[in-house]
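Data block below; observations after.
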Amino acid sequence: MLRLGLIGYPIAHSLSPWIHERLLNDQQLDGSYELFEIDPGHFDEQIIELKEQKLDGFNVTVPYKERIMDYLDDIDEGARFLGAVNTVKAENGKWVGYNTDGIGYVASIEDRFPQYLKDTSKVLILGSGGAARGIYYAFLRNQISKVDLANRTVAKAEKIIEELNGENFSTPLSTEQAESQIDQYDLVVQTTSVGMSPNDQQSIVKLKPELKGAIFSDIVYRPKMTKFLQEAKQHGANIHFGYEMLLHQAVYAFRIWTNTNPETKKIMNDFESKLEGE
């Protein structure tokens with residue numbers, strides 16, 4: 001029987017148990033998915049206790065994606081490059097770390113908008129946190145020809161571009177600069193916590209009236225329709241929801257743990273229904 005789980009703080013309202021229990025059921029695997037809420041003040045001792053529970057694998061969410069790395073026996077090249085882990089697999093008693101955020105995000109775009117991400121696509125990422133870093137890295141690996149990074153503090157955007165060797169693909173921008181030219185991009189990705197409660201009536205940028213044909217994406221999944229997405233839709237953009245990334249990165253983690261290849265389409269439909277019912 002597989003024992004899977006999630007560590008983070010707080011995680012009481014996580015959607016991960018629904019996703020992974022559904023994946024276990026669809027793949028006809030006997031297993032469970034548990035929540036392990038770890039108080040930041042007791043992280044070290046509780047991680048040691050968790051290792052003794054002999055889980056087969058677990059996800060890692062904020063604020064532990066960097067901190068968990070000190071307790072891993074090995075780290076996948078991509079996760080090491082990013083400096084963050086969101087998935088851990090137990091292999092022969094050792095913990096191996098991976099990062100599925102970026103690859104999950106790109107897969108969610110390709111699933112909703114097939115053939116959209118081409119070499120001619122111009123992408124703008126708003127924010128310079130861990131999620132932005134993972135998504136930026138995945139776009140570079142997918143050879144997107146232009147991926148600009150915008151942040152209120154431009155130096156943070158510059159640092160990510162330099163560390164991930166994106167100088168030939170990217171321009172660091174201030175949020176104000178990005179706002180002024182936002183209609184020049186094929187895809188705009190909002191990666192900050194702006195739009196999430198208690199800031200759910202805020203948007204990180206003001207949008208221009210004519211955005212028809214572009215995709216505007218927000219990785220915030222509660223609320224489903226953030227103010228950023230509301231305004232983008234009003235201006236004619238196609239919109240992409242945060243829960244789509246959440247599901248696809250979870251599927252990639254599940255593949256790492258189980259060596260299976262789940263079909264996401266029906267799960268996505270049921271996941272959307274679940275969210276509508278909340």
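The values are calculated or read from the model by the stated rules, or taken from the named source; none is laboratory data. Worth saying up front: this structure is predicted, and the values here are computed from it rather than measured. Every residue, glycine as well, gets a Cβ built from its backbone with ideal geometry; the counts of neighbours run over all protein chains shown.
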Quick one: Lys94 ticks every box in (1) closer than 24 Å to Ser32 by Cα; (2) modelled with pLDDT under 95 bar one, so which box is it?
(2)
For the stretch 88-97, state whether one or more residues are touching a helix residue (DSSP H, G or I) at 6+ places or on another chain (Cβ under 6 Å), within 29 Å of Gly31 (Cα to Cα) and charged (D, E, K, R).
yes
If you take the residues in the stretch 108-119 that are without any contact (Cβ under 8 Å) to a residue 24 or more places away in the chain and assigned to a loop (DSSP other than H, G, I, E, B), which one is nearest to Val60 (Cα to Cα)?
Pro114
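Does the stretch 140-147 contain any residue that is modelled with pLDDT of 95 or more and at negative phi?
Yes, because at least one residue in the stretch 140-147 is modelled with pLDDT of 95 or more and at negative phi.
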For Val220, all conditions in the list (1) within 19 Å of the chain's Cα centre (by Cα); (2) of a type in the set (A, V, I, L, M, F, W, C); (3) modelled with pLDDT of 95 or more; (4) surrounded by 21 or more Cβ atoms within 10 Å (Cβ to Cβ) hold save one; what is the number of the exception?
(3)
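Report, by residue number, each residue of the stretch 120-155 that is among the hydroxyl-bearing types (Ser, Thr, Tyr) and either in a helix (DSSP H, G or I) or buried (at least 21 other Cβ atoms within 10 Å of the Cβ) (or both).
Within the stretch 120-155, Ser128, Tyr136, Tyr137 meet the criteria.
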Answer residue from the stretch 29-80, given it is in contact with a Ser or Thr (Cβ under 8 Å, 6 or more places away or on another chain) and among the polar types (S, T, N, Q) and is nearest to Leu164 (Cα to Cα) among those:
Thr61
Do you know which of the residues in the stretch 254-278 that are in contact (Cβ under 8 Å) with a residue 24 or more places away in the chain and not in a helix (DSSP H, G or I) is farthest from the chain's Cα centre (by Cα)?
Thr260
Return a yes/no flag: does the stretch 156-176 have any residue that is within 18 Å of the chain's Cα centre (by Cα), among the β-branched types (Val, Ile, Thr) and in a strand (DSSP E or B).
no
Anything in the stretch 222-253 that is assigned to a helix (DSSP H, G or I) and among the aliphatic types (A, V, I, L, M)? List them, or say none.
Leu229, Ala232, Met245, Leu246, Leu247, Ala250, Val251, Ala253
Filtering the stretch 79-109 down to residues that are of a type in the set (Gly, Ala, Ser) and surrounded by 20 or more Cβ atoms within 10 Å (Cβ to Cβ), which residue is farthest from Thr191 (Cα to Cα)?
Gly97
Out of (1) in the same structural domain as Glu176 (by TED's automatic domain parsing); (2) under 15 Å from Trp18 (Cα atoms), the one Ala232 does not meet is (2)
